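The values are calculated or read from the model by the stated rules, or taken from the named source; none is laboratory data. What you are looking at is a predicted structure, and each value in this text was computed from that prediction instead of being measured. Here the Cβ is made from the backbone with ideal geometry for all residues, glycine too, and neighbour counts use every protein chain on show.
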Amino acid sequence: MLDSLKKVDEKIYNVVLNETKRQRDGVEMIASENFVSPAVMETMGTTLTNKYSEGYPKKRYYSGNEFIDISEQLAIDRAKELFNAEHVNVQPHAGSQANAEAFFSILNIKDKILAMDLAHGGHLTHGSPVNFSGKQYAFFHYGVDPETGRIDMDDVRKRAKIIKPKLLLSGFSAYPRELDFKEFQDIAEEVGAYHMCDIAHIAGLCATGIHENPVPIADIITTTTHKTLRGPRGAMIMSKELDRVKPKSKKSLARKIDSAVFPGMQGGPLDHVIAAKAVAFKEALQPDFKLYIEQVVKNAKALAESFHDLGATMVSGGTDNHLILLDVDESFGIRGKKAETVLDEVNIFTNKNMVPNDRGTPYDPCGIRLGTPAITTRGMKESEMQQIAKWYVETLKNPDDAAVKSKVKQEVLEFIKEFPLYPDLEY
Ligand code: DSN
């Protein structure tokens, strides 16, 4: 395996080897990362990467797509079954593209969107001024209540009534609590707006019913496929067939979305990745996947309890889903950037993250975000969460103590051997 790569390009060969070792030897706590199955990984390294397939199954601009059509249709059908979706487009290359395409399908430049503030858990594509979204659309934001750390739906409704957005956006990249999608939909309907949910983080929870599934509720739902859904790096857009806000328009909402993806924003789809999405959706339809997601949430709760017992401050005091936001500035007197760096030194991977009303900057915020999807894939359960929380606290309390960091790293390296990653991979 990898013999050709080794012969052609030793530098990249070594990158692959080193990265595989890094993944094997670390405790992966980045809430948006996961480990795909060998079947998903194999599918991405196949001849399907060679094909051009602009268009959709049975309506392509190039010949020779009879097998690609089967793969894309399987991905669509399985995603529909998984999420109870009326319409699915599996071609978006990434979450940001999916969001851009969703906006492009129903909005004009400068239209108003009401979304979650980035500093309170929203995403770059939810209107950050440095992102295309903030530059092209008129964004307004809601945040979390400073006391509870939770979204106050009365406040969302009040803002929606004043702002009258064309799109109400729910979803997040760093919010540890459940969302009330029905309430968001009611508010959108009250103000004549579309409701779009970005479920990139909680897609696996929604697919298994561990979190309310917004797909039968909202107008448009975007998600990445590589986070809790545990598929290949990529995204998809789900929607209602009909356009609720503009019922008389000639095109259905489903057609508007398909046109926005191709030819609106993308060219050739990544057929090898779409096939891998189909494989991942098949895996997610199995009963084992629900058990996996249940464990992800149990682990996050156990981790939050341990942090609580160790006196660390979490945004909203805990979690309902797969992620936790630790205020490391308040808990340990260090900023997120340094926390991320010192944890990296002990082979615990985590990311700096803003917390509501952050006293720092996006590059050096007061918090870190951590999650349990990847470590749960490796087989860890509640009992391991106590140990992980202890390592966090020990390292963050002693960020400049080389002896402590060396001790924790050795413990991590011993511990991680119990949870082999890709044991059958020949590299
Ligand atoms: N980078 C992703 C995350 O970590 O949440 C969102 O785009």
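Can you tell me which residues in the stretch 195-231 are of a type outside the set (A, V, I, L, M, F, W, C) and farther than 21 Å from Asp258 by Cβ? The answer is His201, Gly204, Thr208, Gly209, His211, Glu212, Asn213, His226, Lys227, Thr228, Arg230. Looking for something closer than 23 Å to Asp288 by Cβ, surrounded by fewer than 16 Cβ atoms within 10 Å (Cβ to Cβ) and either within 16 Å of the ligand (Cβ to nearest atom) or not hydroxyl-bearing (Ser, Thr, Tyr) (or both) - is there at least one such residue anywhere in the stretch 70-77? The answer is yes; a qualifying residue exists. Taking the listed residues Thr208, Thr223, the one that is in contact with a helix residue (DSSP H, G or I) (Cβ under 9 Å, 6 or more places away or on another chain) and within 16 Å of the ligand (Cβ to nearest atom) is Thr223, with no other qualifying. Filtered by the rule that a residue be buried (at least 18 other Cβ atoms within 10 Å of the Cβ) and either more than 28 Å from Met1 (Cα to Cα) or within 20 Å of the chain's Cα centre (by Cα) (or both), the stretch 36-54 gives Val36, Val40, Met44, Ser53. Here Ala254, Ala188, Ala193, Ala235 are screened, and the one residue that is within 16 Å of the ligand (Cβ to nearest atom) and in contact with a strand residue (DSSP E or B) (Cβ under 7 Å, 6 or more places away or on another chain) is Ala235.
Selection over the stretch 305-317 of residues that are surrounded by fewer than 20 Cβ atoms within 10 Å (Cβ to Cβ) and part of a loop (DSSP other than H, G, I, E, B) gives a count of 3. Among the residues that make up the stretch 141-150, is at least one of them closer than 26 Å to Asn34 by Cβ and within 14 Å of the ligand (Cβ to nearest atom)? Within the stretch 141-150, not a single residue is closer than 26 Å to Asn34 by Cβ and within 14 Å of the ligand (Cβ to nearest atom). The conditions of being of a type in the set (Lys, Arg) and within 20 Å of Ala174 (Cα to Cα) are not met by Lys390. The C-beta contact set for the stretch 393-419 (first residue surrounded by fewer than 14 Cβ atoms within 10 Å (Cβ to Cβ), second residue modelled with pLDDT under 95 and among the hydroxyl-bearing types (Ser, Thr, Tyr), distance under 9 angstrom, 6+ apart or interchain) is empty.
Counting only helices (runs of 4 or more DSSP H) that sit completely within the stretch 318-427, those holding 2 or more residues that are closer than 30 Å to His141 by Cα correspond to 328-332, 336-345. Only a single item in (1) closer than 17 Å to Ala260 by Cβ; (2) free of Cβ contacts under 8 Å to residues at least 24 places away in the same chain is not met by Lys135, and it is number (1).
Phe281 falls short on exactly one of the conditions (1) hydrophobic (A, V, I, L, M, F, W, C); (2) touching a strand residue (DSSP E or B) at 6+ places or on another chain (Cβ under 7 Å); (3) surrounded by 23 or more Cβ atoms within 10 Å (Cβ to Cβ), and that condition is (2). Only one of the numbered conditions (1) buried (at least 24 other Cβ atoms within 10 Å of the Cβ); (2) within 16 Å of the ligand (Cβ to nearest atom); (3) not polar (S, T, N, Q) is not met by Val261, and that is (2). Quick check: is even one residue across the stretch 9-21 without any contact (Cβ under 8 Å) to a residue 60 or more places away in the chain, within 30 Å of Leu325 (Cβ to Cβ) and of a type in the set (Lys, Arg)? The answer is yes, given that some residue of the stretch 9-21 is without any contact (Cβ under 8 Å) to a residue 60 or more places away in the chain, within 30 Å of Leu325 (Cβ to Cβ) and of a type in the set (Lys, Arg). Of all residue pairs spaced 6 or more apart or on separate chains, those with beta-carbon atoms under 7 Å, a first member in the stretch 94-114 that is modelled with pLDDT of 95 or more and a second member that is outside any strand (DSSP E or B) and of a type in the set (Phe, Trp, Tyr) are Ala100/Phe132; Phe103/Tyr137; Leu107/Tyr137; Lys110/Tyr137; Asp111/Tyr137; Ile113/Tyr137.
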